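Below you'll find the structure, written out as structure tokens, and then a few comments.
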Amino acid sequence: MSFSDQMLKIDRRIIFLMIGLCTLLPLLYPVGLPIKISSEVRGVYDHIESLPEESVFLLSIDFDPASKPELYPQAISLLRHAFRKNLRVLTMTLWVSGTGMADQIVTQVAKEMGKEYGKDYAFLGWSPGGQAVIINMGQDLYSAFPSDYGGKPTKGLPLLEGVRNLKDVTYMV
């Protein structure tokens, strides 16, 4: 009897048991692979660490549900880091399909960190135009985003005191 014939005669319950064990063993006894921090990640972290409190940090959350598994943890980490440093966090998105998701991320992390909307952070939402929005923000932030995601006027938000355009933003990611 050949090897393939022997394999075909194995009871399926034994096969399911073996698959279950192969799945459970790494969960019960993690391998513990080392995580290497790239120079780019270290550079972003160090730069945020070097910012003085109350600096304006702009985070553009530009992804949609398809890339959420990869980019969601990154956005969470950046927001937590910025809030821990007591930066004034301004968020936006250039992808209309990710607007609701971006709002959810910002709101979740701000609540977790005890931050107040309008004072510590704001979510501008989405504005049509792509690169033209960025150029417009470079000239006048308030014409690019006259209101935030919730419809509140951006002029007068304590968070944006002293901010007219992108030149007044300390760091952008």
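The values are calculated or read from the model by the stated rules, or taken from the named source; none is laboratory data. Note that the structure is predicted; figures quoted are calculated from it, not measured. Here the Cβ positions follow ideal geometry from the backbone for every residue, glycine too, while neighbour counts run over all protein chains shown.
Key figures for this structure:
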quantity: Scan of the stretch 84-97 for residues that are surrounded by 14 or more Cβ atoms within 10 Å (Cβ to Cβ) and outside any loop (DSSP other than H, G, I, E, B), ordered by number; calculated: R88, V89, L90, T91, M92, T93
quantity: Tally, over the stretch 125-141, of residues that are in contact with an Asp or Glu (Cβ under 9 Å, 6 or more places away or on another chain) and over 10 Å from L94 (Cα atoms); calculated: 1
quantity: Residue in the stretch 44-54 that is of a type in the set (D, E, K, R) and over 30 Å from E112 (Cβ atoms) present; calculated: no
quantity: Checking L27 against (1) surrounded by 10 or more Cβ atoms within 10 Å (Cβ to Cβ); (2) without any contact (Cβ under 8 Å) to a residue 40 or more places away in the chain; (3) among the hydrophobic types (A, V, I, L, M, F, W, C), the condition it does not meet; calculated: (1)
quantity: Subset tally (residues that are buried (at least 21 other Cβ atoms within 10 Å of the Cβ) and more than 25 Å from A66 (Cα to Cα)) for the stretch 98-114; calculated: 0
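Yes or no, residue by residue, for (1) modelled with pLDDT of 95 or more; (2) in contact with a Phe, Trp or Tyr (Cβ under 9 Å, 6 or more places away or on another chain); (3) not in a strand (DSSP E or B):
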site	(1), (2), (3)
A66	no, no, yes
L71	no, yes, yes
A82	yes, yes, yes
A102	no, yes, yes
E112	yes, yes, yes
P128	no, no, yes
A132	no, no, yes
